[in-house]
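The values are calculated or read from the model by the stated rules, or taken from the named source; none is laboratory data. Note that the structure is predicted; figures quoted are calculated from it, not measured. A quick note on method: Cβ atoms are made from the backbone with ideal geometry, for glycine too, and the neighbour counts reach across all protein chains shown. Side chains are part of the model used for accessible areas, which takes the heavy atoms of the whole protein and leaves out ligands, DNA and RNA. Shrake-Rupley method; radii C 1.70, N 1.55, O 1.52, S 1.80 Å.
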Amino acid sequence: MPKNGSARPENHVIVLFGATGDLAKRKLLPGLFHLHTAGLLPQEYRIIGTSPAQYAVTDEQFKEHAEAACADFCITKPTDPSWPSFAERLSFAAADPDDPAPLVAAVQKAEKEIGGSPRRLFHLAVPPAAFTSVIGMLGASGLAADRARVIIEKPFGTDLDSARKLDQAVLAVFDESQVFRIDHFLGKESVDNILAFRFANGLNEPIWNRHHLRYVEIDVPETLSIEGRAAFYDATGAYRDMVVTHLFQVLAFVAMEAPVSLSAKHLRAEKLKVYEALKPIDVQHVVRGQYEGYRSEPGVAANSQTETMVAVRVEVDNWRWHGVPFFLRSGKAMGASRQVIVLGFQPPPLRMFPAHRKDTPYGRQNEIVIDFADPGAIKVNFLAKVPGAELSLGNAEMAFYYKDSFVASNALEGYERLILLAMLGDQSLFTSSDGIERVWEISEPLLENPSPVEPYAVGSYGPESVRQLIAPYHWHLPHV
Ligand code: BG6
């Protein structure tokens, strides 16, 4: 029985495409090792790393690579006694679209070692341009058998047309029930806690609408720059890397109606309704920034117009949210690494406190702030009476921290949770193609007609126009 009592997946052969890449190093290999140490992986499993032959490594080199990745990025280090039993399950096999034979042989060998009919899980941690050929190879080689499942990384396509084509290619090989389009933000504890916060309490939902809220922010600045990912990043940019993927997923959880149940069918249906209510993006309501010095990063074009920061005002035009702007922002080389949702309240109708009358009309005193970066927190900022003879007001805060209420060590990282769910065949926290395609559709005005990038200083929160975009409100960050 796994340590935390959850269900344990059937036996599996896990195949990691892009096994020596950045994502595998930072998230996938450390995540799998953490699941192993938590006793959450199947009784019997093998992990086969794969890449085109030109990047192939030996089994031993792959194990060393995994060990270094886990030493750097896993909370349990490879010095843990559980490491050898994880490492012995790792191997490597090359696969090219015209020569899948080494991978096919490795999968067959692993299945024989396990015995019975283990499931296959293919994780495609490859650049978007490679998805279609890898999927085609899985189909042509027979690897995509009935009991196989596939995890596809974001971004799913680069625009509406490519997303549709990718979906056709995927569904020509796999049934929709076998397809897991991953967005690791949906595996974050604090993102799923939005559902609990809203729908498990009577306190919050009555005020979660246009009658009580006047703006919503979803803000994900990062201090990281592009960290050697120029080839991917310069072709992708902040909008496709973060907004069309992660931030819109978070937006759907914030904006959705209560689902009938937490099943994949019902959750996805409610998210789709949110996306259908989104108005097409108005390019007047977009700021594209580029940090100073980006064009000198190795691998970046000298005249690159790729945005390293983007801020967008979007509108969910339905009964609940009409007239409430949603401000989304994310960027690299910014002033802090934070992931916050801010719900700003309407002011009270009457300002009877002397101090209140002097306040700026759209202050920051009345907000719910959900910090969804691990370990996560929820804060309510409100005005309170300052103790003393006078009835004067001061800023106050009520705060929830996971560690104060729960055993934080039970937490899984986003990827860990989602890989586990994929092995269990649970699609509830994976995205559907119609939702993704609708987001690409409303993004078309921006993708077709992007404004020029504006420079911003490294360590700032974007160019000055980011502040104008949100006026008369304020970005919660930087919070001083
Ligand atoms: C990835 C993006 O999907 O998410 C990265 O490609 C970004 O650019 C990352 O840094 C942020 O995720 P997290 O969970 O590590 O904060």
- request: Please tell me if residue 199 is open to solvent by 30 Å² or more (accessible area, probe 1.4 Å), in contact with a helix residue (DSSP H, G or I) (Cβ under 8 Å, 6 or more places away or on another chain) and modelled with pLDDT of 95 or more.
  value: yes
Only one of 62, 33 is of a type in the set (Phe, Trp, Tyr) and under 27 Å from residue 411 (Cβ atoms), namely 33
When residue 59 is run through (1) more than 16 Å from residue 29 (Cβ to Cβ); (2) touching a Ser or Thr at 6+ places or on another chain (Cβ under 6 Å), the failure sits at (1)
Taking the stretch 214-232 and keeping residues touching a helix residue (DSSP H, G or I) at 6+ places or on another chain (Cβ under 7 Å) and crowded, with 20+ Cβ neighbours inside 10 Å leaves 216, 218, 220, 226
| query | Taking the condition within 16 Å of the ligand (Cβ to nearest atom) and either of a type in the set (Phe, Trp, Tyr) or free of Cβ contacts under 8 Å to residues at least 24 places away in the same chain (or both), does residue 372 pass? | reply | yes
The lone condition residue 77 fails out of (1) touching a helix residue (DSSP H, G or I) at 6+ places or on another chain (Cβ under 7 Å); (2) open to solvent by less than 30 Å² (accessible area, probe 1.4 Å); (3) more than 30 Å from residue 435 (Cβ to Cβ); (4) more than 16 Å from the ligand (Cβ to nearest atom) is (2)
Of all helices (runs of 4 or more DSSP H) fully inside the stretch 372-480, the set with 3 or more residues that are surrounded by fewer than 19 Cβ atoms within 10 Å (Cβ to Cβ) is 402-405, 433-448, 465-470
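Mind listing whichever residues of the stretch 158-196 are touching a Phe, Trp or Tyr at 6+ places or on another chain (Cβ under 9 Å), more than 16 Å from the ligand (Cβ to nearest atom) and over 25 Å from residue 235 (Cβ atoms)? Steps first, answer last, please.
Of all residues in the stretch 158-196, those touching a Phe, Trp or Tyr at 6+ places or on another chain (Cβ under 9 Å) come to 158-164, 166-167, 169-170, 179-195.
Okay, now just the ones that are also more than 16 Å from the ligand (Cβ to nearest atom), so 159-164, 166-167, 169-170, 179, 195.
195, the sole residue that qualifies.
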Residue 332 vs (1) open to solvent by 70 Å² or more (accessible area, probe 1.4 Å); (2) within 16 Å of the ligand (Cβ to nearest atom); (3) not small (Gly, Ala, Ser): all pass except (1)
Scanning the stretch 252-266 for residues that are among the small types (Gly, Ala, Ser) and either under 26 Å from residue 322 (Cα atoms) or in a helix (DSSP H, G or I) (or both) gives 252, 255, 258, 261, 264
Screening 305, 249, 290 for residues that are modelled with pLDDT of 95 or more, assigned to a helix (DSSP H, G or I) and among the polar types (S, T, N, Q) leaves only 249
Considering the stretch 278-287, residues that are among the hydrophobic types (A, V, I, L, M, F, W, C) and not in a strand (DSSP E or B), and then whichever is most open to solvent (accessible area, probe 1.4 Å), we arrive at 283
In the stretch 23-51, anything open to solvent by 10 Å² or more (accessible area, probe 1.4 Å) and part of a helix (DSSP H, G or I) is listed as 23, 25, 26, 27, 34, 36, 37
All conditions in (1) at pLDDT below 95; (2) farther than 30 Å from residue 147 by Cα; (3) among the charged types (D, E, K, R) are true of residue 413 except (2)
Counting only residues in the stretch 300-329 that are of a type in the set (Lys, Arg) and away from the ligand (no atom under 16 Å from the Cβ), the one most open to solvent (accessible area, probe 1.4 Å) is identified as 313
The condition from (1) at pLDDT 95 or above; (2) among the polar types (S, T, N, Q); (3) surrounded by fewer than 21 Cβ atoms within 10 Å (Cβ to Cβ) that residue 54 misses is numbered (1)
Exercise. Does at least one position in the stretch 270-277 carry a residue that is within 16 Å of the ligand (Cβ to nearest atom) and either not in a helix (DSSP H, G or I) or not β-branched (Val, Ile, Thr) (or both)?
Worked result: no
Among helices (runs of 4 or more DSSP H) entirely inside the stretch 108-227, those with 2 or more residues being in contact (Cβ under 8 Å) with a residue 60 or more places away in the chain and within 27 Å of residue 365 (Cβ to Cβ) are 189-199
- request: Check whether at least one residue in the stretch 86-100 is at pLDDT 95 or above, among the basic types (Lys, Arg) and assigned to a loop (DSSP other than H, G, I, E, B), and report yes or no.
  value: yes
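Every residue, every condition in (1) out of contact with any strand residue (DSSP E or B) (no Cβ under 8 Å at 6 or more places or on another chain); (2) closer than 22 Å to residue 478 by Cβ; (3) surrounded by fewer than 21 Cβ atoms within 10 Å (Cβ to Cβ); (4) among the hydrophobic types (A, V, I, L, M, F, W, C), yes or no:
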position	(1), (2), (3), (4)
187	yes, no, no, no
209	yes, no, yes, no
212	no, no, yes, no
238	no, yes, no, yes
246	no, yes, no, no
253	yes, no, no, yes
Here the residues within the stretch 23-65 that are closer than 21 Å to residue 100 by Cα, more than 16 Å from the ligand (Cβ to nearest atom) and of a type in the set (A, V, I, L, M, F, W, C) are 47, 48, 53, 56, 57, 62
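This table checks each residue for (1) surrounded by 22 or more Cβ atoms within 10 Å (Cβ to Cβ); (2) touching a Lys or Arg at 6+ places or on another chain (Cβ under 9 Å); (3) charged (D, E, K, R).
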{"site": "139", "(1), (2), (3)": "no, no, no"}
{"site": "142", "(1), (2), (3)": "no, no, no"}
{"site": "153", "(1), (2), (3)": "no, yes, yes"}
{"site": "161", "(1), (2), (3)": "no, no, yes"}
{"site": "164", "(1), (2), (3)": "no, no, yes"}
